[in-house]
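The structure appears right after this line, and notes come after that.
The values are calculated or read from the model by the stated rules, or taken from the named source; none is laboratory data. What you are looking at is a predicted structure, and each value in this text was computed from that prediction instead of being measured. Neighbour counts run over all protein chains shown; Cβ positions are idealised from the backbone, glycine included.
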């Protein structure tokens, strides 16, 4: 089984078209987008429509949570209130329903290999803002979470959010597809093992 994973498109329609085209050329079995359609770029709605119609499994990032619930769920993003209030007025009821139905995570098992995909590691999956804060990458909380049973029970856990490529145990982070240094992750699961490579986006 071949799975392609990308994340953080941030309103960059040109980048989204490019990554989907490159993924299509890889003849994968599944495509997973792990969140953040909005913010930064100016073609967010076009990106949302393309993702809706792409056949990809689309997961919620923090940007989708802000759009759905408002920025009050995260005290660090008060400065984005005007942006998300305005964006809610621009999208249709059908587009908002699509966002509401996007899951927070997706699990896959292939040839006995267990994988989980989400925008970032969770602090509390049931909380209004379920993810660890980005500061967790510097204060040791992320490292501790990577060693938790909730994470180590999987053979591979794929996240985005940080806009960086890195690995921490079985946790693999993918850089932002819509920003500089864009890449996607290509995973191949076989009876012999679970392998992945980063493919940089042209």
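Here are a few things to note about the model shown:
- Helices (runs of 4 or more DSSP H) contained entirely in region 1-86, each with at least 2 residues that are in contact with a helix residue (DSSP H, G or I) (Cβ under 9 Å, 6 or more places away or on another chain) and under 24 Å from residue 190 (Cα atoms): none
- Region 156-192 - residue that is over 18 Å from the mean Cα position of the chain (by Cα) and part of a loop (DSSP other than H, G, I, E, B) and, of those, surrounded by the most Cβ atoms within 10 Å (Cβ to Cβ): 169
- Candidates 195, 202: the one that is touching a helix residue (DSSP H, G or I) at 6+ places or on another chain (Cβ under 9 Å), surrounded by fewer than 18 Cβ atoms within 10 Å (Cβ to Cβ) and either in a strand (DSSP E or B) or modelled with pLDDT under 95 (or both) is 202.
- Lone unmet requirement of (1) touching a strand residue (DSSP E or B) at 6+ places or on another chain (Cβ under 8 Å); (2) buried (at least 21 other Cβ atoms within 10 Å of the Cβ) for residue 122: (2)
- Summed over region 151-170, residues that are touching a residue at least 24 places away in the same chain (Cβ under 8 Å) and farther than 17 Å from residue 135 by Cβ total 9.
- Contacts under 9 angstrom Cβ, first residue in region 27-39 being on the phi > 0 side of the Ramachandran plot and crowded, with 22+ Cβ neighbours inside 10 Å, partner assigned to a strand (DSSP E or B) and at pLDDT 95 or above, 6 or more apart: 35/58; 35/118
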